[in-house]
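K.L.:
Before anything else, here's the structure in question.
The values are calculated or read from the model by the stated rules, or taken from the named source; none is laboratory data. The shown structure was predicted, so the numbers you read here are calculated from the model rather than taken from an experiment. Note that each Cβ is placed from the backbone with ideal geometry, even for glycine, and that neighbours are counted across all protein chains shown.
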Amino acid sequence: MSEPATKKRFAMPREIRIILSTGLLIFVFEILVLPQFASARKSLQLLSSLNPLLVILAVVCELAAIYSYVELTRTVLYPYSPGRYNVLRVNLAGLAISHVVPGGTAPAGALSYRIFNELGVPKETNAFGLATQGSGSAVVLNIIFWVALVISIPLRGFNPAYGFAALAGVFLLGAFFGTILLITRGQRHADSWLRAAARHIPILDPDRVSTLLRKVAERITMLINNRRTLWWAFTWAGLNWLLDAACLWVFIWSFGHVISPIDLLVAYGLAYIFAAIPVTPAGLGVVEGVLIPTLVGFGVPHSQAILAVIAYRLINFWIPIPIGGAAYASLQWRRGVDATAEPRNGPGPALGA
């Protein structure tokens, strides 16, 4: 009785967590974002020279980035992946949640896991695929950042922020590949450790934990041995990041300045590595606060950097929120239709099939 009481005593009430998260979000927005909007108002005359064709190109780049993420999801869920339309709707719904909740990748992942289960993806494939999608995509971002950094430092010099981001990437890669090595090569030791830990947690069944570990190890081994699937997973993850960065690059171009792609990737990678710290939803304020001064440091005029980043974040961050909400509503509506039709006609098709 004492142990549950102890846990309850140290648990932070949900209302307090919401208040703290909202307060922190407002603080970051006020410190990092509002000054940029204030400066942007002084540069609105640049909008008159905006090339609409380049704006369309930037939107196309972002749409292509979203499509790449859909294909990444389908690749890591192979061979049980649902159709592209369903995967697109699930991804957009998860994107919307991650953009409105601090640390939103966790609830977004939980939502995707639930819906993919309803779409017939086996639980172990679902869990492993979504975990691989998130961590593998972060690994690819760090690789892109490192490559750009190695090329950029001899030309631009070293910045202390680069070292912090690179160090964070080292820990990420070490944890990622260390976990894979432990599960595949040290499965017996990992099984013993997890069983011992599960015995001390009443809600966990050591046998089920062991079975899940074995299935995950089999899934990892299958992915490693299937070089074609592994190659496509890394390719789609890379395209997702590069096309999203291309959207920003085109917006900078549309405001009259052409930046080196290497410089852009350094600024982009730096911003999103810092944004991985779950302080605000999808790095709101952090991305803007890192991107703008870094781009200015690489020679982009301040007014153009501000407007380009604001335009990019409108397409990248804000517009997907209502679209993702509509995607989730469509999934819920179809779920309700299938549930209504099931008593009369038997089990219906998968969502959106």
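K.L.:
Can you go through Arg313, Arg344 and tell me which one is more than 24 Å from Tyr85 (Cβ to Cβ), of a type in the set (D, E, K, R), modelled with pLDDT of 90 or more and part of a helix (DSSP H, G or I)?
P.N.:
Arg313
K.L.:
Val90 - would you say it is aliphatic (A, V, I, L, M), more than 24 Å from Pro122 (Cβ to Cβ) and touching a residue at least 60 places away in the same chain (Cβ under 8 Å)?
P.N.:
no
K.L.:
What single numbered condition from (1) more than 24 Å from Tyr67 (Cβ to Cβ); (2) part of a helix (DSSP H, G or I); (3) at pLDDT 85 or above fails to hold for Ser330?
P.N.:
(1)
K.L.:
Can you confirm whether region 92-110 contains a residue that is buried (at least 19 other Cβ atoms within 10 Å of the Cβ), modelled with pLDDT of 90 or more, more than 12 Å from Gly324 (Cα to Cα) and within 13 Å of the chain's Cα centre (by Cα)?
P.N.:
No, that holds for no residue.
K.L.:
Cβ contacts < 8 Å: first residue closer than 16 Å to Arg313 by Cβ, restricted to region 243-261; second residue part of a loop (DSSP other than H, G, I, E, B), any location; separation 6+ or different chain. Result?
P.N.:
The qualifying pairs are Trp249/Ile259; Ile252/Val258; Ile252/Ile259; Ile252/Val300; Ser254/Leu50; Ser254/Asn51; Phe255/Leu50.
K.L.:
Check Asp244, Asp263 and return the single one that is crowded, with 17+ Cβ neighbours inside 10 Å, within 25 Å of Ala106 (Cβ to Cβ) and among the acidic types (Asp, Glu).
P.N.:
Details: Asp263 fails: within 25 Å of Ala106 (Cβ to Cβ).
When all the criteria are applied, what remains is Asp244.
K.L.:
If you don't mind, there's one more thing I want to ask. Does Val287 satisfy the condition of being assigned to a helix (DSSP H, G or I) and farther than 24 Å from Ala64 by Cβ?
P.N.:
Details: assigned to a helix (DSSP H, G or I): yes; farther than 24 Å from Ala64 by Cβ: no.
No: the conditions fail for Val287.
K.L.:
Considering Val87, Val70, which residue is modelled with pLDDT of 95 or more, farther than 22 Å from Tyr312 by Cβ and touching a Lys or Arg at 6+ places or on another chain (Cβ under 8 Å)?
P.N.:
Val87
K.L.:
Related question: Quickly run through region 295-308 and pick out the residues that are in a helix (DSSP H, G or I) and surrounded by fewer than 21 Cβ atoms within 10 Å (Cβ to Cβ).
P.N.:
In the first step, residues of region 295-308 are kept if they are in a helix (DSSP H, G or I); the result is 295-297, 302-308.
Of everything in region 295-308, those that are in a helix (DSSP H, G or I) and surrounded by fewer than 21 Cβ atoms within 10 Å (Cβ to Cβ) turn out to be Val296, Gly297, His302, Ser303.
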